[in-house]
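The values are calculated or read from the model by the stated rules, or taken from the named source; none is laboratory data. All values derive from a computational prediction rather than experimental measurement. Counting neighbours? That spans all protein chains shown, and the Cβs are built from the backbone with ideal geometry, glycine included. Please note that ligands, DNA and RNA were not included when accessible areas were found on the heavy atoms of the full protein model with its side chains. Shrake-Rupley method; radii C 1.70, N 1.55, O 1.52, S 1.80 Å.
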Amino acid sequence: MSLSPFDHPFLSGLFGDPELTGLLSAEADVAAMVAFEVALAAAQAECGVIPQADAQAIARLETEYTPDFEGLKAGLGRDGVVAPELVKQMRKVLEGEAAKSLHFGATSQDVIDTSLILRLKSVTTVLADRIAAVEKALARLSDRFGDRKLMARTRMQDALEISVADRIADWSAPLARHRQRLEEIEPRLLVIQYGGAVGILEKLGDDGPRVAKALASRLGLGITGKSWHNQRDAIVEFSGWLGLVSGSLGKMGQDLALMAQNAMGDVVLSGGGGSSAMPHKSNPVAAEVLVTLARYTAGSSGTLAQSLVHEQERSGAAWTLEWLVLPQMVLATGSSLLVASRLLDSVETVGQD
């Protein structure tokens, strides 16, 4: 039984996101770490750092290596990171000099961080597509009901009359900006991590920049002038973006929950939640979930921002904090977008003729 609401046996009925859960799973993580090692060996062979035969042997790990997850669990508990045990397991599959060439010049953080970025590349594509889908759903509602009237409310009090299109515009405009923000963030976020023990590729010497460039090309990622082991601003920037998306959807959810009140009657939603004690009720569950996830993600943003504080060249504590917080923020935001689409599809009518 999972303690995470995102894959819990019944809490996932509200919060579940199987697609993003799969991208953040242990299996996906290991596959991306293996892909890093294979691409690294190919890049090093291309640059003459290791023999081509070793790179070809290492490439077979993608089909011949089967992870021992119990071993990885024990190794992480011992070492604080999964990479040493992972590399040990992979070397057992290899023979001769290829085992020595595996992971050459890299450190645990290189393989773990690059695995994260490879998976975040897929995550950002999914999230961008979902934002666009919510925008289209809002546009459809505006086309259907935009000319109808609503009472605007400031500080929860009746103010002046507006159109439904006016309110929908307030929900939609931030989403367009969030898609633009993501495009601006991606070149800073979607970059390889490759710096070796202390971030200077000390084992590669003059070959370091060439290998890094070849590695980035093979993985379809960007490259930085120096490794970002202790520079976590791009990760925190992305987490802030997640908070923005969830927060904007939370505002929409809060509005719709208020509009659905019996005394207001500004919106009619189909498929509302029932009550065990009051069968006449139809609760705006999806709208409420958007508010919950927005508040959760906002609180998590502050926690993740503390991972910026790395001691010297690497911090175990700050780095580990990301593992606890970032995946949950991704899932919360992904879930918000799924819930928002379902909520908008449930709108039967908005405003008054």
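Go over the candidates 17, 54, 7 one by one and state the one that is under 22 Å from residue 126 (Cα atoms), out of contact with any Phe, Trp or Tyr (no Cβ under 8 Å at 6 or more places or on another chain) and either open to solvent by less than 60 Å² (accessible area, probe 1.4 Å) or among the charged types (D, E, K, R) (or both). Walk me through how you get there before you give the answer.
Numbers: 17 fails: out of contact with any Phe, Trp or Tyr (no Cβ under 8 Å at 6 or more places or on another chain); 54 fails: under 22 Å from residue 126 (Cα atoms).
The unique qualifying residue is 7.
Quick check on my filter: what residues within the stretch 192-213 are farther than 25 Å from residue 311 by Cα and touching a Leu at 6+ places or on another chain (Cβ under 9 Å)?
207, 209, 210, 211
Identify the single condition in (1) within 30 Å of residue 352 (Cα to Cα); (2) of a type in the set (Ser, Thr, Tyr); (3) crowded, with 20+ Cβ neighbours inside 10 Å that residue 239 does not satisfy, given that it satisfies every other one.
Unmet for residue 239, out of (1) within 30 Å of residue 352 (Cα to Cα); (2) of a type in the set (Ser, Thr, Tyr); (3) crowded, with 20+ Cβ neighbours inside 10 Å: (1).
May I ask you to verify whether residue 87 is closer than 18 Å to residue 218 by Cβ and either within 27 Å of the chain's Cα centre (by Cα) or not in a helix (DSSP H, G or I) (or both)?
No.
Considering only residues that are surrounded by 22 or more Cβ atoms within 10 Å (Cβ to Cβ) and aliphatic (A, V, I, L, M), look in the stretch 242-251 and name the one that is nearest to residue 176 (Cα to Cα).
That would be 245.
List pairs: first in the stretch 42-55 and assigned to a helix (DSSP H, G or I), second open to solvent by 40 Å² or more (accessible area, probe 1.4 Å) and at pLDDT below 95, Cβ under 7 Å, 6+ apart or cross-chain?
Note: pairs meeting the criteria are 54/97.
If a residue must be surrounded by 15 or more Cβ atoms within 10 Å (Cβ to Cβ) and free of Cβ contacts under 8 Å to residues at least 40 places away in the same chain, how many such residues does the stretch 69-80 contain? Break it down stepwise before answering.
Residues of the stretch 69-80 that are surrounded by 15 or more Cβ atoms within 10 Å (Cβ to Cβ), as a first pass: 72, 75-76.
After this cut, where a residue has to be free of Cβ contacts under 8 Å to residues at least 40 places away in the same chain as well, the list is 75-76.
Qualifying residue count, the stretch 69-80: 2.
Please verify whether the stretch 40-49 includes one or more residues that are within 17 Å of the chain's Cα centre (by Cα) and open to solvent by 70 Å² or more (accessible area, probe 1.4 Å).
no
Please go through the stretch 328-348 and give me each residue that is open to solvent by 40 Å² or more (accessible area, probe 1.4 Å) and not basic (Lys, Arg), ordered by number.
Correct list: 328, 338, 345, 348.
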